[in-house]
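None of the figures in this text is laboratory data; all of them are computed from the coordinates on show. Bear in mind that the values here come from a model prediction, so they are computed numbers and not experimental data. For neighbour counting, all protein chains shown are included, and Cβ atoms are generated from backbone atoms with ideal geometry for every residue, glycine included.
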Amino acid sequence: MSEQRAFQAEVGRLLDIVANALYSEKEIFLRELISNASDACDRLRYEAIAKPELISGDSELKIRIAFDTGARTLTISDNGIGMTQDELIKNLGTIAHSGTREILNKLDGNKKDVNLIGQFGVGFYSAFMVADKVEVLSRKAGEAKAWLWVSDGKGSYTVGEHLKDSRGTEITLHLKDAASEYLLEERLKQVIKKYSDHISFPIMLNGVTVNKASALWMRAKTDITPEQYKEFYHHVSGAMAMDAPWLTLHWRAEGSFEYSNLLFIPGMKPFDLYDPRRPHGVKLYVKRVFITDGVEGLIPPFLRFLKGVVDSEDLPLNISREMLQNNPMIHKMSAAITRKVLAELQEKAEKEPKEFEQFWALFGPVVKEGLYDAHSYRDALCKVARFYSTKAAGLTSLADYVSRMKSGQENIYYLSGSDVASAKNSPQLEAFKAKDIEVLFMIDTIDEFWLPIQGDFGGKKFKSVTRGDAALPKEEKKPEDKADLTEKLLARLKEILSGEVKDVCLSERLVDSPVCLVAPESDVDIHMQRLLKKSQGYETLHQHILEINGHHPVILKMKDMVANDAATETLRDTAFLLLDQAKIIEGEPLKNPSEFVRRMSRAIEKGLLAG
Ligand code: ADP
Ligand code: MG
């Protein structure tokens, strides 16, 4: 008895797109099915360490491809772990990957753009690109019962008990008319060679092994083509089809213990990069046996975008997944891998800065998390970190910034902001520009976390230019005319703006603008305050300091007004207008926009009448 079930709505939608795709690379369905078969063999081999009876009698794990020209069927079978009825329903009836779901939502209403399919791994469902009916017969290792899953990919499938005399999964594709090429031995061989040569289990076509059937990471670098690396990357990471690795690192560590590494830095950003529960993408193998994904402690969180394989010669095969976490050998491998990756990144940054810029745009904010929470890698991270600045054409390193520092400059100056373009226009930069002092732009959320605890680089302190005391290099102060009037004006402004700002002071950082807002030295940076406000709804917890430019014509005029004790209304209007203007530049909402407009109109009116 088999029962009929509906696909999860999203699977239905996905299948609809997949089945009608005019997608040119339909051949990748074979890669996907072989990849799944290989995963199934990997998982069985791991389970069999603790339970050898699962594999006894049939211990040569392999993948078999067969076709029947008369019946127009192509069959992919493995003697891997297999699936229970529940697993068939869950694995083949729902979408587990959040990334796929996300692209699916983007695709909606845009079904015609079939090329988008190439951007995400449709995995098992890619079978429906070439087949109008798919049968999955599976028997889980260690179980007596087998199950048959059948679907034409149109909204529903059936599952029922069925006979199968051996463990594993057998997938039968009833090929569409347009897919007859997959009934040709040479064509199949070509596709397997192209996409699946790296698979470490034998792939047999009509009884003959087609692939090399050895673990790719154990082969010599010189024997591996870039295409093979790329295919392995897809297999091991489930990366989107259009994604090619930005960097491939393949090396063997020898010494007190030995392990082989084949790691990739993706060329595209994964959807869930900022999901705090997201594990890294490095699989742990022990002597070619897959043990587990995402072992905690193997890859530090600030490198969680890494994908690939670490294969240890020394860990015991029968190590439990729970015991891995606190294993000292894992810690040692982790430290060595981290140093190696950081060293490679540093080299890339120095030798190929343009290419590095692509990487940094994708993963820079993640790497900088290490500056916040991975103290032992601080020095290496400081060598890798890159920033935009008021002077550098592209990205600059901290060391290069320091080498360009003016004599007498003691601090590394930075400005926080949400993007470089708007940060560049900040009034707080004026004096730095005038004095030709370089300022770094800190535009990532994470910058607000590591900067306060980092303190210094090479003995130079990090200083925000939007803080109370920016401590510009000392120089002769321009004698201030009417100093006593300045004091008077400051007092009046404090009075007028009390409750609006924490303080009003004379600025050292302004040249062209009349005013700007800064954060008190002891408080959080202005940019940080905004972040907190956004994320936690902080309102007036932190008030800013309004700094005024003693040499600006508007301020000079205001001094006169204070001196004459006249035009209180105009002084009030001007004070509020200046404050609102400073807020606008900071990207802060105005407390009372209609008041702002009224004041502005009055000012314009006066200006026009006077002129
Ligand atoms: P992914 O491989 O990225 O998880 P797929 O759509 O390719 O996604 O496969 C979905 C799931 O179906 C797999 O995660 C696996 O649990 C199960 N599966 C697919 N093929 C096999 C197979 N040959 N043997 C055992 N399980 C399989
Ligand atoms: Mg898969």
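Of all stretches in the chain that contain no GluC sites (Glu not before Pro) in a DSSP loop with at most 16 other Cβ atoms within 10 Å, the longest one is 144-253. The convex hull drawn around the Cα atoms of region 226-376, when projected onto a plane and averaged over every direction, covers 9.2 nm². Taking only the Cα atoms of the chain, the ratio Rg/Rh comes out at 1.12, with Rh defined as the Kirkwood radius. Short-range pairs are left out: with C-alpha atoms under 8 Å and at least six residues apart, the relative contact order of region 3-213 is 30 percent. Measuring from a point 7 Å past the Cα of GLU355 along Cα-to-C-beta, which residues in region 267-303 have an amide N at less than 18 Å? Backbone N within reach: 267-269.
Of the trypsin sites (Lys or Arg not before Pro) in region 406-461, the ones in a loop by DSSP (not H, G, I, E or B) with at most 13 other beta carbons within 10 Å are LYS406.
Summing Lys and Arg as +1 and Asp and Glu as -1 over all other residues whose Cβ lies under 10 Å from the Cβ of PHE356 gives a net charge of -1.
Each Cα pair under 8 Å and six or more residues apart adds its sequence gap; the mean of these over the residue count of the chain is a relative contact order of 9 percent.
Sorting THR445, THR209, THR466 by the number of Cβ atoms found within 10 Å of their own Cβ, with the fewest placed first, yields THR209, THR445, THR466. Extension gain, ALA335 to GLN4, is 114.0 nm, computed as 0.36 nm per intervening residue step minus the present C-alpha separation. Of all lysines in the structure, the ones whose alpha carbon falls short of 22 Å from that of LYS145, not counting any fewer than 8 places away in one chain, are LYS51, LYS62, LYS90, LYS164. Mind listing P(r) for region 3-213? All alpha-carbon pairs, 5 Å bins, whole percents. Computed distribution, short to long bins: 1, 7, 15, 19, 20, 18, 12, 6, 2, 0, 0.
Ranked for footprinting exposure by Cβ neighbours inside 10 Å, fewest first, ASP379, ASP311, ASP373, ASP39 give ASP379, ASP373, ASP39, ASP311. Sorting CYS505, CYS41, CYS516 by the number of Cβ atoms found within 10 Å of their own Cβ, with the fewest placed first, yields CYS505, CYS41, CYS516.
At q = 0.10, 0.17, 0.23 Å⁻¹, what log₁₀ I(q)/I(0) does a Debye calculation on the Cα points of region 299-398 give, no solvent, two decimals? Calculated log10 I(q)/I(0) at the listed q: -0.34, -0.81, -1.26.
For region 250-282, the list of chymotrypsin sites (Phe, Trp or Tyr not before Pro) that fall in a loop by DSSP and count at most 16 other C-beta atoms within 10 angstrom reads PHE257, TYR274.
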